[in-house]
2 protein chains.
Amino acid sequence: MIMKYYDSQKIKKLITDIAKGAGVPERDALILSDALVEADVHGTYTHGISRVNIYIRRIQRGLTNPRADITVERRRGSVIAVDAGNGLGHVQAYKVLELLIPIAKSTGIAAATIRNSQHFGALSYYCNKAADKDMILFATTNAEPAMAPEGGYQAYFGTNPIAVSIPTGKGYHIKIDLSTSVVARGNIIAASKEGKEIPPGWALDPDGNPTVDVEKALAGTVLTMAGHKGYALALMVEVFSGVLSGAAVGSSIGSMYKNLDRKQDLGHFFCLMDIDAFMDLPVFRKRIDAMIDEIKACKKRPGIEEILIPGERSFRIANKNRERGIPISNATLKELRALCEQYNIPFAL
Amino acid sequence: MIMKYYDSQKIKKLITDIAKGAGVPERDALILSDALVEADVHGTYTHGISRVNIYIRRIQRGLTNPRADITVERRRGSVIAVDAGNGLGHVQAYKVLELLIPIAKSTGIAAATIRNSQHFGALSYYCNKAADKDMILFATTNAEPAMAPEGGYQAYFGTNPIAVSIPTGKGYHIKIDLSTSVVARGNIIAASKEGKEIPPGWALDPDGNPTVDVEKALAGTVLTMAGHKGYALALMVEVFSGVLSGAAVGSSIGSMYKNLDRKQDLGHFFCLMDIDAFMDLPVFRKRIDAMIDEIKACKKRPGIEEILIPGERSFRIANKNRERGIPISNATLKELRALCEQYNIPFAL
């Protein structure tokens with residue numbers, strides 16, 4: 001398949017305009033488009049502009065409030081519990097991060113739970129924003145049911161990801177952003193769009209049998225990474241993001257694509273640390289760079305040319321994509337074009 | 001092998017006396033013996049009294065300071081950076097937890113890094129203490145080199161565990177305590193003591209080849225769980241526990257058993273949250289119990305009788321072990337007997 005590449009700044013402008021067309025205030029539309037396009041820029045194509053259509057459709061159906069405020073429902077010292085007002089996940093999470101930054105600057109650490117939210121894309125977007133300010137954001141979110149507890153075969157947990165970014169002196173952030181499933185659900189959706197099978201060990205069908213069929217896998221359950229360990233971590237994420245926030249938990253969470261009649265009510269958890277509260281920043285930077293150098297100098301297994309630091313590959317992709325543009329599939333182009341027509345926006349990429 | 005069982009209270013008394021004999025102040029000796037015996041009580045035999053001998057030997061060789069204080073080197077608001085003074089890991093970590101509790105009660109969340117420490121046993125000991133107070137402790141530690149980064153075969157990371165306990169209304173805490181390796185190094189040591197082979201997929205030999213030989217595995221590297229995901233999480237643990245604390249990092253960490261000429265200089269990370277800062281406690285308890293009920297009611301895969309919550313199995317073992325006593329291997333009995341003789345303590349179990 002021949003891919004065409006498009007300038008990321010132009011796409012941001014287009015998506016900002018589409019969001020504004022759907023009733024999102026300008027500043028919020030800018031947050032949304034930045035979050036989405038940055039995912040594509042970094043090669044996380046499953047969490048970028050391919051999702052614009054569903055976010056806008058959910059606004060159009062009244063399932064997401066494009067003008068929602070965030071409400072701090074509870075505050076003690078370094079902790080806030082936030083109601084996202086059923087607004088756009090990206091926008092509300094970004095606003096919560098903005099609230100946390102001065103708290104963490106003041107007390108060294110700050111945490112927030114966010115309830116009544118929606119799918120909010122790639123967690124590393126928020127983590128990278130924190131790392132830009134020499135802070136470390138540990139972030140988790142629950143997600144629509146996809147994964148069974150170890151020993152079960154009923155979708156209960158989402159693919160419940162954990163993310164953290166760490167600033168370095170190497171020109172890129174260490175970027176950890178992983179689902180607690182064997183693979184992110186996005187990978188199965190991607191295989192589905194390409195008409196491929198998935199490898200064995202990824203998923204169970206709706207009857208609890210192993211499957212390589214994408215449709216059966218999407219109707220069934222994704223397996224947890226490393227068996228009971230992934231189960232335990234998915235449960236931790238569910239407690240932090242769902243139970244502690246007051247959001248929906250487990251199978252009560254609405255599906256973004258399937259449930260076009262109710263809100264998702266996702267929950268997120270942010271824990272933000274100011275590095276300087278623990279250690280002088282130049283010392284930290286020297287230490288983190290020394291660790292990176294040591295890891296990259298480790299002896300390599302046969303066939304391995306380079307040991308990569310998490311985030312290094314996506315940093316390289318980002319450099320390339322900022323220059324040549326980001327690839328957009330025909331399916332996504334078609335969706336964007338239709339949205340532009342609907343809101344009378346010139347389709348200029 | 002016929003196992004004999006011994007009363008846990010009597011063993012605590014014995015280990016307290018041995019520690020006092022080695023120069024540990026009484027209160028600290030009580031912390032150490034409680035931490036060790038509770039690991040055995042909960043079935044974590046790899047992190048309990050089988051380690052007494054090495055802890056005491058390291059004190060005897062002057063590698064651990066049995067009377068060390070903890071020093072808060074840096075404090076800002078809800079964050080403390082602590083120097084453990086090369087004291088006993090269990091004792092110093094417990095003291096740090098005691099410092100964190102009032103901070104988290106006041107500001108909702110508190111974090112500590114701990115450097116200049118030693119092997120401190122099972123993380124869930126500290127996490128459970130926090131859960132006893134309706135708080136959630138997220139804990140990590142680095143550890144002596146055992147695991148290569150993804151793509152490498154040189155021991156760099158320890159098995160870098162992550163732990164968190166969550167209070168419930170079910171009579172037990174959810175207890176998550178997992179190494180980021182395929183298995184904890186303790187499992188390989190246990191296989192070694194029993195003269196068994198390890199399953200394929202656990203480890204690489206010193207030349208980077210897969211192995212089932214325990215000695216080669218112990219000389220080589222343990223594999224990360226779930227490949228690059230375990231690598232990413234091990235790196236996160238190393239940053240939180242090692243880089244950010246000022247402790248030794250990666251392959252600079254001393255081995256407890258092999259390096260009998262230098263300190264370990266381990267680093268730990270504690271992040272303590274007061275549930276009540278986020279949500280009314282009765283509401284949280286109701287929500288966590290509802291989640292547990294839902295998970296346990298999920299459809300079971302063939303051959304699975306019950307879906308277990310992390311911590312449920314060890315809770316049942318603890319009930320059994322408190323009643324019948326804890327099993328002690330002949331090797332450990334012999335070590336304890338020798339220590340008793342050395343310190344003129346009656347060996348009364």
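Just a yes or no: is a residue in the stretch B:308-317 over 30 Å from A:Asp207 (Cβ atoms) and either at pLDDT below 95 or touching a helix residue (DSSP H, G or I) at 6+ places or on another chain (Cβ under 9 Å) (or both)? Looking for residues that are over 30 Å from A:Asp207 (Cβ atoms) and either at pLDDT below 95 or touching a helix residue (DSSP H, G or I) at 6+ places or on another chain (Cβ under 9 Å) (or both), one finds at least one in the stretch B:308-317, hence yes.
Looking at the stretch B:62-73, is at least one residue within 21 Å of B:Leu272 (Cβ to Cβ) and of a type in the set (Gly, Ala, Ser)? So far as the stretch B:62-73 goes, no, none of its residues is within 21 Å of B:Leu272 (Cβ to Cβ) and of a type in the set (Gly, Ala, Ser). If the condition is being of a type outside the set (A, V, I, L, M, F, W, C), surrounded by 24 or more Cβ atoms within 10 Å (Cβ to Cβ) and either facing another protein chain (nearest Cβ under 10 Å) or out of contact with any Pro (no Cβ under 9 Å at 6 or more places or on another chain) (or both), then the stretch A:131-160 contributes A:Asn142, A:Pro149, A:Tyr156, A:Thr159, A:Asn160. Counting only residues that are touching an Asp or Glu at 6+ places or on another chain (Cβ under 6 Å) and either under 20 Å from A:Ile275 (Cβ atoms) or of a type in the set (S, T, N, Q) (or both), which one in the stretch A:90-107 is surrounded by the most Cβ atoms within 10 Å (Cβ to Cβ)? Selected residue: A:Ala104. Listed here are the helices (runs of 4 or more DSSP H) enclosed by the stretch A:254-349 that have at least 2 residues being more than 13 Å from chain B (Cβ to nearest Cβ) and either in contact with a Gly (Cβ under 8 Å, 6 or more places away or on another chain) or on the phi > 0 side of the Ramachandran plot (or both): A:312-324, A:330-342. When B:Asp134, B:Asp177, B:Asp205 are checked against the criterion of being of a type in the set (Asp, Glu) and within 12 Å of the chain's Cα centre (by Cα), a single residue qualifies: B:Asp177. Scanning the stretch B:30-77 for residues that are within 23 Å of B:Cys127 (Cα to Cα), of a type in the set (S, T, N, Q) and surrounded by 17 or more Cβ atoms within 10 Å (Cβ to Cβ) yields a total of 4.
Let's see how each residue does on (1) closer than 30 Å to B:Asp276 by Cα; (2) at the interface with chain B (Cβ under 8 Å from one of its Cβ atoms); (3) in contact (Cβ under 8 Å) with a residue 40 or more places away in the chain:
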position: A:Thr211; (1), (2), (3): no, no, no
position: A:Thr221; (1), (2), (3): no, no, yes
position: A:Lys229; (1), (2), (3): yes, yes, no
position: A:Val237; (1), (2), (3): yes, no, yes
position: A:Val243; (1), (2), (3): yes, yes, no
position: A:Gly246; (1), (2), (3): yes, yes, yes
position: A:Ser251; (1), (2), (3): yes, yes, yes
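Taking (1) under 30 Å from B:Ala112 (Cβ atoms); (2) modelled with pLDDT under 95 in turn, A:Ile176 satisfies each apart from (2).
Scanning the stretch B:197-232 for residues that are among the hydrophobic types (A, V, I, L, M, F, W, C) and under 21 Å from B:Gly250 (Cα atoms) turns up B:Trp202, B:Ala203, B:Leu204, B:Ala217, B:Leu218, B:Ala219, B:Val222, B:Leu223, B:Met225, B:Ala226, B:Ala232. With respect to A:Thr168, is the statement that it is hydroxyl-bearing (Ser, Thr, Tyr), closer than 27 Å to B:Tyr231 by Cα and either at the interface with chain B (Cβ under 8 Å from one of its Cβ atoms) or in contact with a Gly (Cβ under 8 Å, 6 or more places away or on another chain) (or both) true? So A:Thr168 does not fit the description; no.
The values are calculated or read from the model by the stated rules, or taken from the named source; none is laboratory data. Bear in mind that the values here come from a model prediction, so they are computed numbers and not experimental data. Neighbour counts run over all protein chains shown; Cβ positions are idealised from the backbone, glycine included.
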